[in-house]
Amino acid sequence: MLSYAVIFLVIALIAAVLGFSGIAGAASNIAWILFVVFLILAAISFFRGRRV
């Protein structure tokens with residue numbers, strides 16, 4: 001999940017440098033959403049712990 005967020009962030013940065021503001025905005029929003037989902041899942045995993 002975190003790797004997809006980083007990939008979309010790189011796409012957003014490249015699109016912003018090339019002047020594609022619509023694509024850059026969409027990619028940065030997707031990256032932000034994926035990062036938030038990653039943080040939520042990481043917190044849940046951390047608090048649940050390993051139960052065997």
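Taken as a whole, segment 32-47 holds at least one residue that is open to solvent by less than 80 Å² (accessible area, probe 1.4 Å) and among the aromatic types (Phe, Trp, Tyr).
If you take the residues of segment 12-31 that are assigned to a helix (DSSP H, G or I) and open to solvent by 80 Å² or more (accessible area, probe 1.4 Å), which of them is nearest to Ser45 (Cα to Cα)? Within segment 12-31, the match that is nearest to Ser45 (Cα to Cα) is Asn29. Cβ-Cβ distances below 8 Å connect no pair with a first residue in segment 38-52 that is basic (Lys, Arg), a second residue that is at pLDDT 90 or above and open to solvent by less than 80 Å² (accessible area, probe 1.4 Å), and a separation of six or more residues or different chains.
The values are calculated or read from the model by the stated rules, or taken from the named source; none is laboratory data. The model shown is predicted, which means the values in this text are computed figures rather than measured ones. Using ideal geometry, Cβ is built from the backbone for each residue, glycine included, and neighbour counts are taken over all protein chains shown. The area values use the complete protein model at the heavy-atom level, side chains included, leaving out ligands, DNA and RNA. Shrake-Rupley method; radii C 1.70, N 1.55, O 1.52, S 1.80 Å.
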